[in-house]
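The values are calculated or read from the model by the stated rules, or taken from the named source; none is laboratory data. Since the structure is predicted, the reported quantities are computational estimates derived from the model, not experimental observations. A quick note on method: Cβ atoms are made from the backbone with ideal geometry, for glycine too, and the neighbour counts reach across all protein chains shown. SASA here: full protein model, heavy atoms, side chains in, ligands and nucleic acids out. Shrake-Rupley method; radii C 1.70, N 1.55, O 1.52, S 1.80 Å.
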Amino acid sequence: MQETSEGTESHIPQKHLPFHLSSYRFRIPQLLWGIRGAATPALWLGLLALCGGMATTAYLWLASIPPLPECRRITPLASDSERLYCAERAARSGKLDAVLAGFDLVKGWSSNHPLRHQINRAMKDWSRVLLDRAREKAKQGDLPGAIALARKIPDTSPVYKEVKAAIAGWQQDQNQGNNLKQAFQKALNQQDWLTAEDHILAFSKLSHDEGWRAEVKRLRQRLAKERSAYQQLQELQWQVEDAPYRADVLAQAIAQAKQIAPGIYAHATAQTSISRWTQALLDIVYEQLSQHDVIGAIATAQALPFEVAPPKNISDLVWFSRAKSLTASRFSNQPLSEQLQQSWMTLAQIRQFRKTSSFYQPSQSVIPQLEQQLQDLTQLQAASSAASLGQIPSLQLAIQLAESITPNRPQRLQAQSLIARWRRDIQQVADRPTLLAAQSLAAEDTVPALKQAIAQAKTIAPGRTLRPEAQAAIFKWNRQIQTIEDRPILARATTLASQKKLKEAIQQVNKIAPGRALYSEAQASARKWTHLIQVAEDQPILNRAKTLADNGNLAGAIGEAAKISSGRALYDEAQSAIARWNAQIEASSRRAQRYAPRRDRDDYAPPGYPPFGYGSRPGRRGPYFFP
């Protein structure tokens, strides 16, 4: 085997090499050199791509929006920008606490803060929210609340000038309003109704907001109450003056004067009058006792107010008379607690009568009745307490307690009245869920839902407490169904009318039957469109008539305008024109008749004389005859 001169040739003979190796045997070095030559630019291209990719990645990382902070879990270490972002986000909800929290956040930040521009923008938005809420309070009449809310806007806000002006205006209105209210109260106290009315009028002119109008309404109601109470008290005083020694008149006056509420200025005067009338009753009692009219004295003492402590010398008489009054009454409009207190106090006083008292023996027959009455009232009070829970079991328990009061008991009638009321309450509690379910169905405002609501409400049987309310709801829901069903008809008619197809529009709305919810609206539209049709049809007739009249043919104009029949849209206008033209014809006829005799005298003027109506100078016509 031979070696090559370079020592690099294979010992395998060339003829034994495979074809692809033998053909490229002398190309391997060239291939290796080509690869080494090509590796250099590829390497540079790879490095360049790597650098470009890193630069692009860095740019995208710098330019990308940073992740938003988690406001629900913000930590004390959060940056100012994150805090401001969360404050702005919370304030967008419009909640006052969030807006105020935003103000508290930026309150301590310096004027040269890097986020100052963003802070000013946020404060402007927050100030607008607070100012709008303050204005809403002012419209509702809550000026103190509006001022207090607006004052929470800091003076560093961009809109503080506007806030300051609003606060000044509200303070002025508040001061004027307070002054007018004080003057109004003073006028009421002095019964100067005209001046009070003037103050209300001046108060109403300060503002026309809803809350202000409500305050004006309250002032008018207060004025009406004061005037009514004063007039009532004055009438009572007149009645007592007319019959100063009649116990029944005094008793009635006391009872009615006690109805004047403590908040009314006339209440103090009423209390003074009650004291005076009570003393008059006591005087009558003394007078009757001096005349040995014990029965009359007892009857008169029954009219004394219960809260009045009787004098010692007639204490037994008064308490015995009150016991007789309580046992004689089978029903009272007073609250159970007051009845129970009066019965207990009266029974306690009667039991303390001494045997030497002239009313000791008569009171012994009253004590058992008072004891029964006190027992019944105690039981009814317990039943009422159970019923106040408002549940069906508690109401049933209250009825059972009241039903245990037998017919021969003193408070049987009152027990029956309470039982009837509690049974109505049971019906209301039982049927209320049914009505609420029906109302919930009707809230969808669709025909199927409304029909289901009606069917649900109809299950409340006649005679039940909520039956009238259910019937009213059924009526309303039926009207809603009719509205939903007929609204498309009215809409189609309106569309046809907008397309100048008025007759077709009228035919459409006439499909809505009488008694339906939209019938009145449909008929109003039909009348409007009928009016337009008649105007379009009759206007040419009226125009021709006016043309004839302008040309002097008044008779023809009248005949033409008379073609517009009664009930048409332009009938009144045509009749007015006809009347005007008839007046013109009559005026022309009168003028013709006035000048006709002068023409007759001219025809019969003597020979040699100028005719009547001509002047004496020849060649000149004049309105008069000169001989």
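In Å², and per residue, what accessible area does segment 314-429 have when probed at 1.4 Å with the other protein chains present?
Values: 6160 Å² over 116 residues.
Here the residues of segment 314-429 average 53 Å² of exposed surface.
Would you mind getting me the FRET efficiency between Lys546 and Ala513? Use the beta-carbon distance for r and R0 = 41 Å, nearest 0.05. Efficiency, rounded to the nearest 0.05: 0.45. Placing a pseudo-label 7 Å from each Cα along the Cα-to-Cβ vector at Asp283 and Glu521 gives an inter-label distance of 7.1 nm.
Using a 1.4 Å probe over the heavy atoms of the protein chains, calculate the carbon and sulfur portion of the accessible area of segment 136-286 as a whole percent. Could you put the intermediate results ahead of the total?
On the way: 4240 of 8700 Å².
The nonpolar share, carbon plus sulfur, comes to 49 percent.
Here segment 492-537 is described by how far its Cα atoms reach on the three principal axes: 31, 18, 12 Å, from widest to narrowest.
What are the equivalent ellipsoid semi-axes of segment 217-368, built from the alpha-carbon gyration tensor (square roots of five times its eigenvalues), in whole angstrom, biggest first?
Numbers: eigenvalues 209, 73, 25 Å².
Whole-Å semi-axes of the equivalent ellipsoid: 32, 19, 11.
Each principal axis of the Cα cloud of segment 183-241 was taken in turn, and the coordinate range along them, longest first, works out to 48, 17, 12 Å. Multiplying the residue separation of Ser357 and Arg227 by 0.36 nm and removing their Cα-Cα distance gives an extension gain of 42.0 nm. Could you state, as a whole-number percent, how many of the C-alpha pairs of segment 462-532 are farther apart than 15 Å? More than 15 Å apart: 56 percent of the Cα pairs in segment 462-532.
The orientation-averaged projected area of the convex hull spanned by the Cα atoms of segment 433-584 comes to 12.9 nm². Computed from phi, the 3J(HN,Hα) profile of segment 233-248 under the Karplus parametrisation 6.51, -1.76, 1.60 (θ = phi - 60°) reads 5, 5, 5, 4, 5, 5, 5, 5, 5, 6, 9, x, 10, 9, 5, 5 Hz, with x in place of Gly and Pro. Expressed as a whole percent, the accessible area of segment 504-567 that falls on carbon and sulfur atoms is 52 (1.4 Å probe).
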